[in-house]
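Asks: First the structure, which I've put down as structure tokens, then a few questions once you've had a look.
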Amino acid sequence: MSRTAVVLFSGGQDSTTCLAAALKQYDAVYTVGVDYGQRHRVELECRERIRARIESILGTHSLKDDLLLDLKAFGQLSDCALTKPRSD
């Protein structure tokens, strides 16, 4: 029986570590990311490069599809430091 995992993958250090752990423990690992309009976008920009690097090392046997959810509308619901422009 195949064991499957889904990892919430932002592209940052923590979720990359979780992805590596899941790839060691599961036969199939899918990744999901969330774009909620966050101001700090560097992690989202790294997601594809990290996945490509993992695939080049491990192949595509365990690392399966990726889904990036566009939830920017939710980021507009509140005045949050994560989504509003800096006012220095």
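Please treat every number below as a calculation from the coordinates, not as lab data. What you are looking at is a predicted structure, and each value in this text was computed from that prediction instead of being measured. As a convention, Cβ positions derive from the backbone with ideal geometry for all residues, glycine included, and neighbour counts pool all protein chains shown.
Asks: For Tyr30, what is the net charge nearby, where nearby means another residue's Cβ is under 14 Å from its Cβ and Lys, Arg count +1, Asp, Glu -1?
Replies: Neighbourhood net charge equals 0.
Asks: Work through the residues other than Ser62 whose Cβ is under 15 Å from its Cβ and net out their charges, Lys, Arg +1 and Asp, Glu -1.
Replies: +1
Asks: To continue, here is another question. If the chain between Asp70 and Ile57 were fully stretched, how many nm would it gain, using 0.36 nm times the residue separation less the Cα-Cα distance?
Replies: Here the answer is 1.8 nm.
Asks: Follow-up question, since we're still on this one. So what's the angle, to the nearest 10 degrees on a 0 to 90 scale, between helix 13-25 and the longest Cα principal axis of the chain?
Replies: In the chain, helix 13-25 runs at an angle near 20 degrees to the longest axis.
Asks: (1) 13.4; (2) 14.0; (3) 15.0: which one is Kirkwood radius over Cα pairs in Å as calculated from this entry?
Replies: Computing Kirkwood radius over Cα pairs in Å and matching it to (1) 13.4; (2) 14.0; (3) 15.0 gives (2).
Asks: Hey, another quick one. Restricting to DSSP H runs of at least four residues, report the calculated mean residue ellipticity at 222 nm for the chain, -39500 (n - 2.57) per run over all residues, nearest 500 deg cm²/dmol.
Replies: Here the helix-only value at 222 nm equals -12000 deg cm²/dmol.
Asks: With axes computed from alpha carbons, what is the tilt in degrees of helix 42-58 against the longest principal axis of the chain, rounded to the nearest 10 within 0 to 90?
Replies: 10
Asks: Give me the extension gain from Ser2 to Gln38: residue separation times 0.36 nm, minus the current Cα-Cα distance, reported in nm with one decimal.
Replies: Contour length minus Cα-Cα distance gives 9.4 nm.
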